[in-house]
1. Give, rounded to the nearest 20 debye, the magnitude of the charge dipole that the chain has about its Cα centre when Lys and Arg contribute +1 at Cβ and Asp and Glu contribute -1 at Cβ.
2. Apply the a/c threshold of 1.5 to the C-alpha gyration tensor of region 118-217 and tell me whether it is rounded, prolate or oblate.
3. Give the long-range amide H neighbours of K68: residues separated by 5 or more places, or on another chain, with amide H under 5 Å away, using H modelled in the peptide plane at 1.01 Å from N.
4. Along the charge dipole of region 10-356, which of S62, T122, P251 sits closest to the positive end, that is, farthest toward it, with unit charges on the beta carbon of Lys, Arg, Asp and Glu (+1, +1, -1, -1)?
5. Treat the count of other C-beta atoms within 10 Å as a stand-in for reagent exposure and order T253, T21 from fewest to most.
6. Compute the distance from the alpha-carbon center of region 211-239 to that of region 284-357, in whole Å.
7. Can you order the peptides 232-245, 324-337 by their average number of other Cβ atoms within 10 Å per residue, highest first?
8. Could you compute the FRET efficiency for D163 and D58, with r as their C-beta to C-beta distance and R0 at 51 Å, rounded to 0.05?
Amino acid sequence: MPTQAGPMPTQTALRIPAPQTLARARALAEPALRAAVATLHPLPARMAAFSFGWCEADGTPSPSPGGKGVRQAFALLGAEAVGAPLGTAVQAAVAVELVHTFSLVHDDIMDGDERRRHRPATWKAYGTGPAVLTGDALFALAVRTVAEAGGEHAGRAVAHLADCLGELVRGQADDLLFENRPWTGRGAVGIPEYEAMAARKTGALLGCALSLGPVLAGAAPLQTGALAEAGRRLGTAFQIVDDLLGIWGDPQTTGKPVHGDLLRRKKTLPVLAAVALDDGATARELARLLGPDTPPDAAAADRAAGLVEAAGGREFALEEAHRHAAAAHDCLHGSGLAEGAVGELVALSAHLLQRQL
């Protein structure tokens with residue numbers, strides 16, 4: 001039977017700071033996550049531990065906590081929003097974190113990114129082949145985790161995870177194809193096309209994070225659908241924020257070089273918006289600076305960043321991120337979800353959207 005939670009005190013939930021929410025999720029999910037990774041073959045298990053930030057490349061324990069654990073926090077809150085049992089919530093968080101890390105390991109290989117969270121990317125530390133194997137192992141482990149946790153809802157939950165992964169792959173494929181398309185003229189990437197890609201590449205997994213626990217618990221389709229759409233919208237907003245950080249982010253915070261996305265000539269929303277908002281000299285110069293005939297040096301990237309901001313691309317991207325976040329919040333209200341969990345979700349998403357400030 002679908003589960004349903006009674007409302008929690010909204011006043012208390014809204015006062016919970018986002019770092020506290022993330023810390024609570026880590027404390028609940030990480031022991032189960034470590035136990036799951038320990039079941040892998042020793043080679044991918046060690047590389048997975050490195051990918052999670054638990055150890056250094058040589059296997060010695062790491063003093064840093066690793067990633068923020070955003071998706072596992074959303075998974076726990078999504079499950080709590082429908083009153084799912086704690087064990088179900090934790091298993092959903094484990095599965096989502098496994099998928100997220102698998103996607104990062106493979107994404108760094110495809111993009112050629114050598115750094116992740118102020119450390120070498122997994123492929124850089126161990127080699128491309130071993131890193132691919134580690135990503136595959138994490139993906140298989142995520143599917144097994146859902147299958148074993150689902151009970152009577154296992155089949156539906158695995159299918160739900162597969163659908164989300166299929167969307168993620170489609171989004172990643174579009175992102176790769178965008179790299180070879182022009183900035184202007186015939187074949188240029190449009191803003192709607194870009195946002196559809198972001199909704200798949202980043203939004204699908206966050207939608208899965210919010211809805212997987214409810215699916216495992218047999219929650220009503222109205223609730224799982226609302227949570228999935230909210231996550232999809234929030235994922236799109238977070239991808240746009242990542243685009244902003246990829247141009248203007250502080251390397252000490254992002255762990256990546258300044259203007260990194262411009263140096264890679266990556267199709268991101270601020271640049272696409274700048275080109276669309278100014279179809280004259282600015283658009284032509286951006287197309288030249290970020291085109292294949294201009295060496296990707298720091299001076300060209302700095303000039304491009306200034307042009308994007310002057311043309312309104314940065315402001316447009318910020319407004320779009322907040323628009324998608326507001327739409328996500330609308331999805332969370334009116335679906336019979338527990339108010340306390342919704343309050344924490346809104347507070348956490350607002351905190352994450354401020355990363356670019």
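The numbers here are math on the coordinates, done by the rules we state, and not lab data. A quick note: this is a predicted structure, and the numbers were derived from the prediction, not measured. Here Cβ is always computed from backbone atoms with ideal geometry, including for glycine, and neighbour counts include all displayed protein chains.
1. 460 debye
2. Oblate is the answer for region 118-217, as a/c is 1.5 or above yet b/c matches or exceeds a/b.
3. Amide H neighbours of K68: none.
4. Farthest along the dipole direction, towards plus: S62.
5. With the fewest neighbours first, T253, T21 line up as T253, T21.
6. 21 Å
7. 232-245, 324-337
8. Efficiency, rounded to the nearest 0.05: 0.85.
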